[in-house]
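Here is the structure we will look at, set down as structure tokens.
The values are calculated or read from the model by the stated rules, or taken from the named source; none is laboratory data. Remember, predicted model here, so these are calculated numbers, not experimental data. Don't worry about glycine lacking a Cβ; one is built from the backbone with ideal geometry, like all the others, and counts go over all protein chains shown.
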Amino acid sequence: MKINSPLEAYKFLPGTNCGECGETSCMAFASHLIDRSLKATDCIPLVNESKYKKKYDELVTLLAPEIREVVIGVGDNAISIGGDDVLHRHKLTFFNKTALAYDVWDTMEEADLVERVNKIQDFKKFYVGDYLTLDMIAVRSVSNDPEKFAATVKKVVETTEFPLVLCSFEPAVLRAGLEVSAEKRPLLYAANKDNWQEVAALAQEFNVPVTVFAPNDLDLLKSMAKTFADNGIEDVVLDPGTFPTGKGLKTTLNNFLKIRRAGINGDRDIAFPIMAVPFTAWMAHDDEVSASYWETVVASIFTIKYGDIMIMHSIEPYALMPQLHIRDTMYTDPRKPVTVDPAVYEIGSPTADSPLLITTNFALTYYTVESDLSSNGVDCYLTAIDTDGIGVEAAVAGGQLTAAKIKKGLDDAGFDMEKLTHKVIVIPGLAARLQGDVEDETGAGVMIGPADSGRLPGWMEQNWPPQK
Amino acid sequence: MSNKMKLSGLTDLLKDLDVESLEGVSIEGDIELDISGGGGLNPAMAYALGHEAAQISMHVANIARMLGYPVDQLFAASMGGLPQAPVAGASRIPELLPAKFDVSKMSEWATPIQEVTLGATSADGGSRKNTVTLGGENALPYYFDAEMPHRNYVTMDVFDMPISMAKSVKENYGDVINDPAEWAKKAVRDFNADMITIHLISTDPLINDTPAREAAKVVEDVLQAVDVPIVIGGSGNPQKDPEVLERAAEVAEGERVLLASASLNLDYERVAKAATDYGHAVLSWTQLEINAQKELNRKLMKQCNVPRDSIVMDPTTAALGYGLDYAYSNMERIRLAGLMGDEELTFPMSSGTTNAWGARESWMKESPLKQDSDWGPREYRGPIWEIVTGLTLALAGNDMFMMMHPTSVQVLKEITQTLYGSIEAEEIDITKWIGAEV
């Protein structure tokens with residue numbers, strides 16, 4: 001965006017402190033515009049009253065992200081990509097996490113197709129209070145036959161609400177796919193130097209986003225993007241080519257770096273979301289594990305460095321899990337707190353017989369332990385000790401988790417050990433060396449829990465209630 | 001006129017036609033396909049012929065178009081409109097707007113990262129076969145702004161006693177787990193380790209409380225067993241480590257090892273002195289806190305007189321899914337600050353990438369949560385967890401990786417050296433990816 005202080009945004013607001021947005025003042029609202037947690041449309045008078053029309057329009061222009069935002073799909077499953085304002089996540093945060101698309105192809109048997117689509121849309125991994133899931137299906141035209149392609153696209157649309165990427169360089173094939181899926185707003189892949197006129201015409205006719213593909217030719221890529229945008233096709237995605245190995249991969253990384261830097265620096269003609277195609281790793285590796293590994297490695301690089309949407313092939317868990325986690329890693333808002341408040345939390349409905357567990361106040365640690373306990377129906381007291389937001393193992397090594405800290409944590413929380421029938425504290429397995437000290441410091445019995453909280457339910461079965 | 005020729009003859013004819021001089025050429029009559037060979041058409045042959053016929057018809061249509069015949073309407077009528085232009089020709093975009101892509105280099109990155117050399121050859125009074133130089137960057141890693149002067153290096157972990165390890169890691173070391181020297185040898189010989197880290201964990205008073213003097217013997221054994229540069233790590237016990245590292249530094253005199261580590265929660269002056277007295281480098285370890293890193297580096301330089309060319313930083317590695325976001329941004333901020341002139345942060349970095357094995361995803365047989373999709377075989381999950389953790393930090397500017405699993409080491413070396421630019425590979429025609437059979 002073109003402004004970076006609340007004061008600059010404030011000038012365009014009504015200045016009445018009416019509070020309709022839920023903020024106490026227009027200045028407070030302005031600061032949320034700058035950190036992008038609220039939008040200009042959230043100021044009700046600004047939107048509704050005609051006297052503010054000019055200011056509203058100006059503000060919207062000034063607040064528009066440097067990299068354009070492109071929406072693929074419709075309704076609840078629509079996915080936005082792009083929309084970034086910074087080159088490094090610590091400068092603000094990255095917006096619109098990289099969309100992960102997995103392929104199907106039009107020479108698949110119908111049963112296999114449906115099974116694969118279901119696997120893609122059903123994959124989920126629980127992580128700090130939510131599920132990590134995949135996003136899209138990319139349909140490849142292998143047959144180059146419009147009818148086959150249309151039939152495959154149709155079947156995919158019947159099977160899933162996931163948005164689609166329609167992949168072919170043949171305009172007739174793309175048209176056939178669009179005819180059965182246009183209302184789902186799929187992404188077209190792709191316009192290249194030979195077919196761009198026909199593909200541009202399809203994007204216009206069906207009003208869908210479109211990818212421009214110019215492998216290692218940034219002049220051509222920019223030329224196509226500019227041409228499309230100037231002709232009213234503004235929902236453009238850039239594919240500068242993903243060369244999976246050797247010098248080609250180094251070049252590919254640098255193409256991504258150059259495009260995004262130019263876009264953030266204000267070159268509007270190239271300021272579009274970027275697509276990576278880690279799928280190409282499968283053209284370089286024969287065996288499945290090597291190909292999946294390399295594809296995941298390439299996907300990781302472009303999740304970290306500016307890929308906004310990616311197409312992959314492997315749907316093995318050992319490929320999907322790291323892909324989902326590295327995507328979450330990069331798109332987690334660095335402004336969110338690292339810690340939870342130190343306290344004794346009740347998990348489920350604990351009683352006097354329930355265990356008292358110790359962990360740290362590092363948010364990731366706390367939520368991991370919390371979800372392991374609650375999803376397995378363990379009722380207990382879970383104590384978050386103030387370790388300055390450091391995890392158990394590192395906090396024991398660094399002296400942030402000590403017997404004195406545990407004592408202080410329980411005292412500060414006002415937790416009365418006397419209400420427990422067992423008078424036992426369970427410390428994490430990775431803090432085992434603190435056992436004696438904690439016994440001395442608190443006078444309570446101390447049991448050593450498992451090294452990983454995922455094993456707490458099993459540990460409970462074996463060890464709880466404690467032997468007198 | 002009846003014109004009978006073979007398909008290949010027709011393509012040859014058309015290939016040779018000079019489009020400029022087509023005036024007056026007319027093609028009339030039916031083209032008869034002369035297919036030789038008995039037994040009818042097999043599907044592959046039919047496909048090939050169909051392809052060739054389609055190519056010919058396109059050539060012929062082009063000729064007709066040049067001659068002014070409305071070919072497209074003809075096709076539209078006969079083929080149900082499929083290949084027809086989607087909108088009327090008038091609204092088509094006539095030509096591409098010219099554009100030249102250009103982007104500037106980062107002028108703010110004006111300060112190079114300090115170079116630190118580990119290991120000493122006989123020329124410098126040591127017995128290593130080669131040395132390893134870290135740092136020297138003038139840009140973020142692999143960026144076009146400036147060539148990276150040195151590749152990334154991997155130092156593989158060796159422990160002075162058997163420790164608990166993930167199953168898929170342990171499988172590789174079962175035969176050497178009781179012998180640090182043999183373990184080190186195996187890592188260099190079989191797993192292509194650039195360096196070895198010997199962790200003297202048995203010295204921890206809460207483990208075996210091995211005396212520093214005895215632990216130093218293990219260091220000597222490892223220096224004998226391998227000729228790559230080494231890193232010496234303590235047990236992490238802040239009371240014991242200074243003494244252990246002093247002894248180790250003494251027996252390793254002349255070999256220019258990296259002592260791991262100095263930190264704010266132990267007597268870093270003793271560790272620093274051990275390094276400067278015996279000509280070693282020191283690892284400056286802090287926990288995910290850029291200001292603490294500045295403070296410790298400043299103390300090492302100003303208070304302990306450690307030369308700039310003898311400091312490597314370990315700003316802490318958290319595993320993928322367990323705080324890697326903090327570790328990544330912390331490292332990236334440190335590197336950017338260094339490049340932009342913060343003299344307290346212009347040092348190469350090291351990552352305890354092995355920490356990835358703390359993530360349950362890398363070692364647990366299955367998810368502890370029943371809501372999760374199947375996690376699949378763990379022997380494939382573990383190495384990729386270590387690879388992605390390392391690769392992420394490589395992109396943040398990390399120079400050296402402490403690692404465990406041979407597959408992780410191999411893949412991480414391949415990817416970082418690919419990005420560094422030293423790996424050649426056959427070029428792949430990626431324009432064919434859509435139709436690839438996989």
>> Conditions first: (1) surrounded by fewer than 24 Cβ atoms within 10 Å (Cβ to Cβ); (2) within 8 Å of chain B (Cβ to nearest Cβ). A:A229 passes all but one, so which condition is the exception?
In response: (2)
>> When you check A:Q204 against the structure, is it in a helix (DSSP H, G or I), in contact (Cβ under 8 Å) with a residue 24 or more places away in the chain and surrounded by fewer than 20 Cβ atoms within 10 Å (Cβ to Cβ), yes or no?
In response: yes
> Of the residues that make up region A:357-375, is at least one over 27 Å from the mean Cα position of the chain (by Cα), assigned to a loop (DSSP other than H, G, I, E, B) and away from every other protein chain (no Cβ under 12 Å)?
Replying inline: no
> Hey, which of the helices (runs of 4 or more DSSP H) in region A:376-468, taking only ones fully inside, have at least 2 residues that are modelled with pLDDT under 90 and within 12 Å of chain B (Cβ to nearest Cβ)?
Replying inline: A:392-398
>> So for region A:87-108 (the condition being more than 10 Å from every other protein chain (Cβ to nearest Cβ), touching a Gly at 6+ places or on another chain (Cβ under 8 Å), among the β-branched types (V, I, T) and buried (at least 24 other Cβ atoms within 10 Å of the Cβ)), does at least one residue qualify?
In response: yes
>> Please count how many residues of region A:60-84 are on the phi > 0 side of the Ramachandran plot and under 16 Å from the mean Cα position of the chain (by Cα).
In response: 2
> Would it be correct to say that A:M108 is in contact with a Pro (Cβ under 9 Å, 6 or more places away or on another chain), touching a residue at least 24 places away in the same chain (Cβ under 8 Å) and closer than 18 Å to A:H313 by Cβ?
Replying inline: no
> Counting only residues that are facing chain A (nearest Cβ under 10 Å), among the charged types (D, E, K, R), assigned to a loop (DSSP other than H, G, I, E, B) and touching a helix residue (DSSP H, G or I) at 6+ places or on another chain (Cβ under 7 Å), how many does region B:354-403 have?
Replying inline: 1
> When both residues are 6+ apart or on different chains and their Cβ atoms are under 7 Å apart, which pairs have a first residue that lies in region A:174-189 and is without any contact (Cβ under 8 Å) to a residue 24 or more places away in the chain and in the same structural domain as A:N207 (by TED's automatic domain parsing), and a second that is hydrophobic (A, V, I, L, M, F, W, C) and in a loop (DSSP other than H, G, I, E, B)?
Replying inline: A:L188/A:V208
> In region B:275-326, how many are of a type in the set (K, R) and under 27 Å from A:D388 (Cα atoms)?
Replying inline: 3
> If we scan region A:280-300, do we find a residue that is under 26 Å from A:K91 (Cβ atoms), more than 9 Å from chain B (Cβ to nearest Cβ) and at pLDDT 95 or above?
Replying inline: yes
> Quick one: would you say A:D269 is in a helix (DSSP H, G or I), touching a Lys or Arg at 6+ places or on another chain (Cβ under 6 Å) and at the interface with another protein chain (Cβ under 9 Å from one of its Cβ atoms)?
Replying inline: yes
>> Condition check: without any contact (Cβ under 8 Å) to a residue 24 or more places away in the chain, under 30 Å from A:A229 (Cβ atoms) and more than 10 Å from chain A (Cβ to nearest Cβ). Does B:S122 satisfy that?
In response: no
>> Can you pull out every residue in region B:419-438 that is within 7 Å of another protein chain (Cβ to nearest Cβ), touching a His at 6+ places or on another chain (Cβ under 9 Å) and under 21 Å from B:R151 (Cα atoms)?
In response: none
> Of all residues in region B:224-246, how many are in contact with an Asp or Glu (Cβ under 6 Å, 6 or more places away or on another chain) and within 13 Å of chain A (Cβ to nearest Cβ)?
Replying inline: 3
> Would it be correct to say that A:F169 is among the aromatic types (F, W, Y) and part of a helix (DSSP H, G or I)?
Replying inline: no
> Which residues, counting only those in region B:404-438, are without any contact (Cβ under 8 Å) to a residue 12 or more places away in the chain, farther than 27 Å from A:V104 by Cα and outside any loop (DSSP other than H, G, I, E, B)?
Replying inline: B:E414, B:T418
>> As an exercise: evaluate B:V411 against (1) more than 8 Å from chain A (Cβ to nearest Cβ); (2) under 22 Å from B:Y173 (Cα atoms) and give the number of the one condition it does not meet.
In response: (1)
> Do you know which of the residues in region B:157-207 that are surrounded by fewer than 17 Cβ atoms within 10 Å (Cβ to Cβ) and basic (K, R) is nearest to the chain's Cα centre (by Cα)?
Replying inline: B:R189
> Regarding B:N152, is this residue crowded, with 17+ Cβ neighbours inside 10 Å, in the same structural domain as B:S351 (by TED's automatic domain parsing), more than 20 Å from A:A397 (Cα to Cα) and out of contact with any Cys (no Cβ under 6 Å at 6 or more places or on another chain)?
Replying inline: yes
> Given the residues B:S329, B:S373, B:S350, which is the only one that is touching a residue at least 24 places away in the same chain (Cβ under 8 Å), hydroxyl-bearing (S, T, Y) and surrounded by fewer than 23 Cβ atoms within 10 Å (Cβ to Cβ)?
Replying inline: B:S329
